[in-house]
Amino acid sequence: MYLAVFARVFLATNRFLCTMVNMNEELVAIETKLAYLEDTVATLNDLVIDQQKQIDRLEAGRKDLERQLGELADSGGEMMPHQKPPHY
């Protein structure tokens, strides 16, 4: 009788331990995926910051070109008076 009870307790404990090991493995897998996702988010964030800096530089260049074009239009196109094009 004691042997049967011991066997049941042993089997129940063994199943519990196997379940705990599986849960631990799943937790490690989740933590690993989370670490990769955090790294990906940080990488993408750096990329977005770099792209925004590039957009700001391009926007500033566009505004400068618009200003120069406006100045050229206001002067009637005479900023380069009577110059022959480079192919002459």
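The values are calculated or read from the model by the stated rules, or taken from the named source; none is laboratory data. Computed from a predicted structure; not experimentally measured. Methodologically, a virtual Cβ is constructed for each residue, glycine included, from the backbone with ideal geometry; neighbour enumeration extends over all protein chains shown. Heads up: the accessible areas ignore ligands, DNA and RNA and are worked out on the full protein's heavy atoms, side chains in. Shrake-Rupley method; radii C 1.70, N 1.55, O 1.52, S 1.80 Å.
Restricting attention to segment 35-49, the residues that are open to solvent by less than 90 Å² (accessible area, probe 1.4 Å) and among the hydrophobic types (A, V, I, L, M, F, W, C) total 5.
Could you please let me know if D64 is under 21 Å from the mean Cα position of the chain (by Cα), modelled with pLDDT of 80 or more and surrounded by 10 or more Cβ atoms within 10 Å (Cβ to Cβ)? The answer is no for D64.
Quick grid of which residues meet (1) among the polar types (S, T, N, Q); (2) at pLDDT below 75; (3) in a helix (DSSP H, G or I):
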position	(1), (2), (3)
V28	no, no, yes
E38	no, no, yes
D50	no, no, yes
Q54	yes, no, yes
R57	no, no, yes
Q68	yes, no, yes
E71	no, no, yes
G76	no, yes, no
